[in-house]
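The values are calculated or read from the model by the stated rules, or taken from the named source; none is laboratory data. Only a predicted model underlies this, so the values are computations on that prediction, with no experimental measurement involved. Every residue, glycine among them, receives a Cβ derived from its backbone with ideal geometry; neighbour counts consider all protein chains shown. Protein only, heavy atoms only, side chains kept; ligands, DNA and RNA dropped before computing areas. Shrake-Rupley method; radii C 1.70, N 1.55, O 1.52, S 1.80 Å.
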Amino acid sequence: MRKHEAIGFHIMVVSPSGDMSMYYNICMLTAEYMYKMVNLAMEEEQVVKVVKFGGSSLASAEQFKKVGNIIHSDASRRYVVPSAPGKRNAKDTKVTDMLYYCYDLACKGKDFSEGLARIKARYQEIIDGLELNLCLEDQFAEIEQNFKNKVGRDYAASRGEYLNGIVMARYLGYPFVDAEDVIRFHDDGTLDEATTEKLLKDRLYNKEYAVIPGFYGAAADGKVKTFSRGGSDVTGSLVAAAVDADVYENWTDVSGVMIADPRLIKDPKAIHTITYRELRELAYMGATVLHEDAIFPVRTAGIPINIRNTNEPEDPGTMIVQTTCVKPEYTITGVAGKKGFVAINIEKAMMNSEIGFGRKVLQVFEDNGISFEHMPSGIDTMTILVHQDEFEQNEQKVITGIKHAVNPDHIELESDLALVAVVGRGMRETRGTSGRIFSALAHARVNVKMIDQGSSEWNIIIGVKNTDFEPAIKAIYDIFVTAEL
């Protein structure tokens, strides 16, 4: 029985002759019992979880066993989305990278048999460690032939998830559903959301349990297509939306989303509850626990995401929700940022009274295929911040285009900038947040080059030099987290 389907039953009690009180008691007891049983049944039936496991969670047979224990410990974990095997240690190579290497050799007409044999050995090691009665010879023979036929890098990259999906399905005893049959892309490589939703709903409707490999699907012509790296997160999100899941659990090697990047801050605190909106801001600025495109399918469906740690399954992780009345533990929810920006500062007297000035300037960037990140402005000044590597390729074209479009008094470039985003739903309710940020930065001797705050008061974007990026992150974390402990 699927979620939200009606449960019905009939009770027939034959009245005993003479004793109506006994008849009444039997009816009441029977109704009460059936009510409890139906509620219990509905509770069990309605809870559906989609679980996605990353590459580090499935890198070895030992990790597979941890995953199996996690899945079997909760009967509501019904739909499993596995990634390809990741690194077993720091010096190891991900299976996806091994597949790319083999395919590149094949495209050059070189022998790739040794590389393919190493990949086969990786899977055989997992199969043997799990004591499975499973042979992948036919699958590897097909892969070898398709590599020789040069069917495409997307096909090559997808085989890691495909093979791991087969192993996972056999290990769990779940049906295997090939993502190639249920995830559909347009010819331009973008996701065909409508077709994908229909295919997933149709295929999974009568399956209470299933394994669907992540990361790939197919175009309308049947050719395998992949998402960008980390795309298994997106597959899990699409499956969760299709089966109307109660929760989408994304299992990885960290215990949730951290307030700051652990590469910059030692042992940063985890975020217990975060909204989609806050996560979107942090993900945009470099927080990479979850693939950015994985947010939208479940956000639209109102399904929360739970980021969990495969190696610490008892940790509650981070809940990502549409909205919440749970107050954040700290004033800020998180701080993140990215390096490598350039600021184009444009000055012109009476700019504010010139109709269409901003549109004309942005049109120049659009004509050169450059998207802008932020655009703070004053009465007679406008600053456009863009990725430096994109801008450098068309630098002089853009400058010339701006001069022709708006005839500015002055154009100045400032390169090697970093953007830092301070994000949190608690910021708007707390007085003096901006003052604390800039006081902390001044104390750390960080020079602020740009400030941009939206009217929502949920985030503040700060521009600093690349060399000040790490000190800025540390100063903000210390003032809002370390100082509030």
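What the table shows:
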| item | result |
| --- | --- |
| Folded to 0 to 90 degrees: helix 61-72 orientation relative to the chain principal axis, Cα | 70 degrees |
| Net lengthening on full extension, R431/E114 (0.36 nm per residue, minus Cα-Cα) | 107.8 nm |
| Given charges at beta-carbon only (K, R positive; D, E negative), |dipole| of the range 315-394 in Debye | 220 debye |
| Three semi-axes of the equivalent ellipsoid, the range 271-311, Cα gyration tensor, whole Å, largest first | 15, 14, 10 |
| Two-site label geometry, N368 and K223: point separation in nm, points 7 Å out along Cα→Cβ | 3.3 nm |
| Carbon plus sulfur fraction of accessible area for the chain, probe 1.4 Å, in percent | 49 percent |
| Cα-centre dipole for the chain with unit charges at Cβ (Lys and Arg positive, Asp and Glu negative), debye to 20 | 420 debye |
| Surface accessible to a 1.4 Å probe, H272 within the full protein complex, Å² | 110 Å² |
| Size-normalised alpha-carbon gyration radius of the range 248-390, reference 2.2 N^0.38 Å | 1.34 |
| Descending semi-axes in Å of the chain, equivalent ellipsoid built from Cα gyration tensor | 47, 33, 22 |
| Cα pair distances exceeding 17 angstrom across the range 267-342, given as percent | 49 percent |
| Gained length - N149 relative to D187, 0.36 nm times residue gap less alpha-carbon distance | 11.6 nm |
| In Å², nearest 10: area of T482 left accessible to a 1.4 Å probe | 70 Å² |
| On Cα atoms only, tilt of 137-148 relative to the major axis of the chain in degrees | 30 degrees |
| Cross-link pairs K65/K201; K225/K338; K225/K397; K148/K223; K339/K474 - those with Cα-Cα distance over 24 Å | K65/K201; K225/K338; K225/K397 |
| Cα gyration tensor of the range 334-485 - equivalent ellipsoid semi-axes, whole Å, descending | 31, 17, 13 |
| Accessible area per residue, Å², the range 340-485 with all protein chains present, probe 1.4 Å | 51 Å² |
| Angle between the chain longest axis and helix 20-46 axis [Cα atoms, degrees, rounded to 10] | 40 degrees |
| Value of Rg/Rh across the range 61-211 [Cα atoms, Kirkwood radius] | 0.98 |
| Pairwise Cα inverse-distance average, inverted: Kirkwood Rh of the range 143-294 (Å) | 16.9 Å |
